[in-house]
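S.K.: Just dropping this structure here.
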Amino acid sequence: MNLHPSRSGSGLRLYGRRVMLRPLHASDFAQWSEVRVRNEAWLLPWEPSRPQGSADVTRSRGAFAARCSARDRDRQNGLAYGFGLFIDGTLAGEINLNGVVRGAQQTGTIGYWIDQARAGHRYVAEGVVVELRFAFEELGLQRVEICIVPRNANSRRVMEVLGIRDEGVSREFLEINGTREDHIRYAMTATEWRQRADELRARWL
């Protein structure tokens, strides 16, 4: 996989065999909005509620630009690394590394979504491996989690395909679509990454 040019800059690019990950820019609004609006029924049941009175980022160019700026600041400060998922140059989703904690923990949490029209081709699985490689080998994290609502079979399938370890259920872990939801917590450690890196690279990168 290639990294270009620096891991903290907005020009960052991460590559798998078929997918490319890069930070989103204000100029991506038209593509992002089209995908998000078209997929609202597919995506919103699995996402936190939007703050009451906030601008609809899916339909507001200004709100989307502010979101991109906030993510740039998070990346520069080492707090989170948000990436658009691109297939053949077209935006198809996002794979984000959020909640990065340094100090003794050295952890982060991956979240993802994809255009329903692109689902079923294991693009997300590939993108997650790209993100794991970045987290462990470029950022030096020691542990990465992926937390999923138990009934979200599509997201859980990604974990099954990749063989990510299931650590059990955390009760009422996050607010999702207005309700506190249990989440299955999947995780990989840096030790597990080193043990499986050759296998995962050969298949996905």
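S.K.: Residues of region 158-172 being in a strand (DSSP E or B), under 23 Å from VAL124 (Cα atoms) and not acidic (Asp, Glu), which ones?
M.R.: Residues satisfying the conditions are ARG165, GLY168, VAL169.
S.K.: Another question, if that's okay. Take LEU44 and tell me if it is at pLDDT below 95, of a type in the set (A, V, I, L, M) and over 13 Å from the mean Cα position of the chain (by Cα).
M.R.: Judged against the criteria, LEU44 is a match.
S.K.: For GLY120, all conditions in the list (1) part of a loop (DSSP other than H, G, I, E, B); (2) within 24 Å of VAL169 (Cα to Cα); (3) not aromatic (Phe, Trp, Tyr) hold save one; what is the number of the exception?
M.R.: Evaluating GLY120 over (1) part of a loop (DSSP other than H, G, I, E, B); (2) within 24 Å of VAL169 (Cα to Cα); (3) not aromatic (Phe, Trp, Tyr) leaves (2) as the failure.
S.K.: Of the residues THR90, THR107, which is closer than 16 Å to TRP32 by Cβ, polar (S, T, N, Q) and without any contact (Cβ under 8 Å) to a residue 60 or more places away in the chain?
M.R.: Answer to the check: THR90.
S.K.: Name the residues in region 142-157 that are outside any helix (DSSP H, G or I) and of a type outside the set (A, V, I, L, M, F, W, C), would you?
M.R.: GLN142, ARG143, GLU145, PRO150, ARG151, ASN152
S.K.: Pull up region 21-31, narrow it to residues that are in contact with a Leu (Cβ under 7 Å, 6 or more places away or on another chain) and assigned to a helix (DSSP H, G or I), then point me to the one that is surrounded by the fewest Cβ atoms within 10 Å (Cβ to Cβ).
M.R.: GLN31
S.K.: In region 148-185, which residue that is free of Cβ contacts under 8 Å to residues at least 24 places away in the same chain and among the β-branched types (Val, Ile, Thr) is surrounded by the fewest Cβ atoms within 10 Å (Cβ to Cβ)?
M.R.: Checked region 148-185; the qualifying residue surrounded by the fewest Cβ atoms within 10 Å (Cβ to Cβ) is THR179.
S.K.: I'm checking my understanding of the structure. Among residues of region 47-95 that are assigned to a helix (DSSP H, G or I) and in contact with a Phe, Trp or Tyr (Cβ under 9 Å, 6 or more places away or on another chain), which one is farthest from LEU139 (Cα to Cα)?
M.R.: Here the residue is ARG61.
S.K.: So, one more: Kindly indicate whether any position in region 188-196 is over 23 Å from TYR81 (Cα atoms), of a type in the set (Ser, Thr, Tyr) and assigned to a strand (DSSP E or B).
M.R.: No, because not a single residue in region 188-196 is over 23 Å from TYR81 (Cα atoms), of a type in the set (Ser, Thr, Tyr) and assigned to a strand (DSSP E or B).
S.K.: Please determine, by comparing only the residues of region 15-69 that are free of Cβ contacts under 8 Å to residues at least 60 places away in the same chain and among the charged types (D, E, K, R), which one is nearest to GLU172 (Cα to Cα).
M.R.: Here the answer is ARG50.
For (1) among the hydroxyl-bearing types (Ser, Thr, Tyr); (2) crowded, with 16+ Cβ neighbours inside 10 Å, each residue gets a yes or a no:
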{"position": "SER33", "(1), (2)": "yes, yes"}
{"position": "GLU40", "(1), (2)": "no, no"}
{"position": "LEU44", "(1), (2)": "no, no"}
{"position": "SER49", "(1), (2)": "yes, no"}
{"position": "VAL57", "(1), (2)": "no, yes"}
{"position": "ARG61", "(1), (2)": "no, no"}
{"position": "ARG71", "(1), (2)": "no, yes"}
{"position": "GLY78", "(1), (2)": "no, no"}
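The values are calculated or read from the model by the stated rules, or taken from the named source; none is laboratory data. These figures come from a predicted structure and were not determined experimentally. Quick reminder, even Gly has a Cβ in these numbers, built from the backbone with ideal geometry, and neighbours come from all protein chains shown.
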